[in-house]
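The values are calculated or read from the model by the stated rules, or taken from the named source; none is laboratory data. The structure displayed is predicted, hence computed values, not measured ones. Reconstructed Cβ throughout: ideal geometry from the backbone, glycine too, with neighbour counts over all protein chains shown. The area values use the complete protein model at the heavy-atom level, side chains included, leaving out ligands, DNA and RNA. Shrake-Rupley method; radii C 1.70, N 1.55, O 1.52, S 1.80 Å.
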Amino acid sequence: MPLLRKAAAALSATAAVLLAIPPTASATPAPQGTAPHGTAPYGTAPHGTFVRESFDRLPLGAISAGRGWTTDTSNGTLTVEPSTSGEPGRELRVHTEGNGRAFLAFSDLAPPGNSYWARMRLRVDAFPTAPDWAHWTIAEASGSDSPTLVRPLGGQYAPTDKGNFWGVGSDLGPTGDWTAWKTSAPAAAAKWQCVEFHLDATDNRVTVYLDGVEQSDLTVSTKQHGGTADDFVFPTFDKLKLGWQLYQSDPTPSSYDMRLDDIALSTRRVGGCES
């Protein structure tokens, strides 16, 4: 059984432990013990985990903030809804109209060494099929000391290859606006995936994993990226946004829905994506 599958029931003793666990993201490492539904067990999670969010302890309905995060929306909404994966628990529905955006924003981050791992489960109902080269972002990391936006999870619709493909990207920095998508990493709609990325400041390296498998073609670093001849250099990370944004107007389809669950940020790889 995948580590991320939500547990069906809990013994009363376990339930007592769960009640003591903060329901949303936390700025402190998660304690050892039994995890809430939808997260890797605390006993196997890295001690360096500094953010967790499974949405299971949040009320159903529209939401604008939680413990450790706020929201950033324009023509979009964020709603806590019952799980659609067939398991108990709750998840976040991210909805946008046109080229709107809807993000969770984790602010005031200070990862040691300016490096960290992220893990989440997500499902995008449909990716754009127009206009040509429509560009979308799911994760965006930034820092107040630099205009550079690092987009470790995103992609683009490539009419030449008739599909959407995952890609790492950046904007507003010295390397310009780029998304290094690869046909070796097709983006599958209407499918739950466990996605991880690692931001490693030692070489300004971004590494992406899909369902536990490293996507080496997507790796970018200081000298190897999709922008200008300048070096790709991280800002000092203090914010991470997770959600959906499409940048082109009048897209097809005209609205977008994504489901998001089991978020964890850590100084070490969290794991839990392997089947």
For region 198-207, in residue order, the Karplus 3J(HN,Hα) values (coefficients 6.51, -1.76, 1.60; θ = phi - 60°; whole Hz; Gly and Pro = x) are 10, 9, 10, 6, 4, 9, 6, 9, 10, 10
Looking at region 100-167, which chymotrypsin sites (Phe, Trp or Tyr not before Pro) are in a loop (DSSP not H, G, I, E or B) and have at most 15 other Cβ atoms within 10 Å? Trp133
The summed charge of the Gly113 Cβ neighbourhood (under 13 Å; Lys/Arg +1, Asp/Glu -1) stands at 0
So, with +1 on the Cβ of K and R and -1 on the Cβ of D and E, and no other charges, what is the size of the charge dipole of region 93-228 about its Cα centre, to the nearest 20 debye? 300 debye
Provide Lys241, Lys182, Lys162 ordered by accessible surface of protein heavy atoms (probe 1.4 Å), highest first. Lys162, Lys182, Lys241
Around Pro152, under 10 Å between beta carbons, what's the net of Lys plus Arg minus Asp minus Glu among the other residues? -1
³J(HN,Hα) computed for each position of region 101-107 - Karplus, 6.51 cos²θ - 1.76 cosθ + 1.60, integer Hz, glycine/proline x: 9, 8, 10, 7, 10, 8, 10
Here region 156-166 yields Karplus 3J(HN,Hα) values (6.51, -1.76, 1.60; θ = phi - 60°; whole Hz; Gly and Pro given as x) of 7, 8, 10, x, 5, 10, 6, x, 9, 9, 5
Just need the relative contact order of region 58-154 here, percent rounded to a whole number, with Cα pairs under 8 Å and 6+ apart. 19 percent
Using Cα positions and a limit of under 21 Å, work out the lysines in reach of Lys162, with same-chain residues fewer than 8 apart set aside. Lys182, Lys191
Find the eigenvalues of the gyration tensor of the Cα atoms of region 128-263, then list the square roots of 5 times those eigenvalues as equivalent ellipsoid semi-axes, largest first, in whole angstrom. 23, 17, 15
Can you tally the net charge around Gly271? Count Lys and Arg as +1, Asp and Glu as -1, for every other residue whose Cβ sits under 11 Å from the Cβ of Gly271. +1
With a bin width of 5 angstrom, please list the P(r) values of region 176-244 as percents of all Cα-Cα pairs, from the 0 bin to the one holding the largest distance. 3, 14, 22, 26, 20, 10, 4, 0
In whole Å, how far is the Cα centre of region 148-191 from that of region 53-113? 22 Å
Kirkwood hydrodynamic radius (C-alpha pairs) into Stokes-Einstein, region 112-205, 10 °C and 1.306 mPa s, D in µm²/s: 112 µm²/s
Using C-alpha positions alone, give me the convex hull volume of region 164-204 per residue in cubic angstrom. 104 Å³
